[in-house]
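> Dumping the structure here so I can ask a few things about it.
Values quoted throughout were computed directly from the atomic coordinates according to the rules given, and no laboratory measurement underlies them. The structure displayed is predicted, hence computed values, not measured ones. Note that each Cβ is placed from the backbone with ideal geometry, even for glycine, and that neighbours are counted across all protein chains shown.
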Amino acid sequence: MSLAFTVWGARGSMAVSGARYFRYGGDTSCYHVEVEPGHHLVIDCGTGLRSLEERLGPPPLRFTVLFTHYHLDHLQGLPVFSPLYERANQFDFIGARRGGVGAAEALHLLLRAPLFPVPYDEVPARCRFRDLVGPLEVGPVRAAAIDLRHPGGASGFRLEGPAASIVLATDHEAGDESIDAALASFAAGAGVLFHDSQYTRDELRGPRAGWGHSSFAAAAEAAARAGVPVLVLTSHDPERDDESLERLLAKVRRHFPATEAACPGMSFPL
Ligand SMILES: [Zn+2]
């Protein structure tokens, strides 16, 4: 079985919709690999989860879910993800524990009144929780994590599959030399680096500095430093419509020609 790593949501901060967002999509963070028949590795549960749901087979299904962090744009697809309401399905939720909060605490906060009508304890699927500590095997895929620079912390992931390696750094503010150097060695040898590029350099000179996101230029620098062959820009700002994203993509390609911008349905062999 050949594996495919697919993007279902690449929008940062909040979901957007409308004709201006047709190409690069409006759904928030969600990435997916079917690692074995019926066993799905999902990274982040943003609103992109809805597009994934349309493509899933019948139960019983198994999900291994890795969270980059627990900000709402990375969780908000989960309460309405219908496989959660199927008794035959099994979920393993895995994420780093930060400030005393791991995946279990985050989901218990989310699935309860007044935020959601179904409390977590009444979810029919079998759910298990694990703190992310060290690399793990998900079917034939090995997943390793790195701590990135983001308010409250965020994990980046490196997935090693039978065919390729992909690094995902969705929420990261470049500029801390030790973290940037660690990310460069973490991504070295990978086939694709997904890197946060929510803002332009000019935007980051204003109040957005410290919000935990990188510039387009920083993403290109990170890809060059890691020596990866392909850069994929991600965590698109909700303000960034297709036209302005195309314009910025063209600029980045002058510095790093093999650059793409993440969009729903974009897929790479893993
Ligand atoms: Zn965040």
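> Any idea how far apart R23 and A258 come out in nm if each label point goes 7 Å out from Cα toward Cβ?
Using points 7 Å along Cα→Cβ, the separation is 2.2 nm.
> Rounded to the nearest 0.05, what FRET efficiency do E53 and R205 have when you use their Cβ-Cβ distance and R0 = 30 Å?
Efficiency computed from Cβ-Cβ geometry: 0.15.
> What percentage of all Cα-Cα pairs in the chain are separated by more than 23 Å?
Looking at the chain, the distances longer than 23 Å represent 49 percent of pairs.
> Per DSSP H run of n ≥ 4, the term is -39500 (n - 2.57); total these for the chain, divide by its residue number, and report the mean residue ellipticity at 222 nm rounded to 500 deg cm²/dmol.
-5500 deg cm²/dmol
> Once the convex hull of the alpha carbons of region 1-115 is built, what does its volume come to per residue, in cubic angstrom?
It is 113 Å³ per residue.
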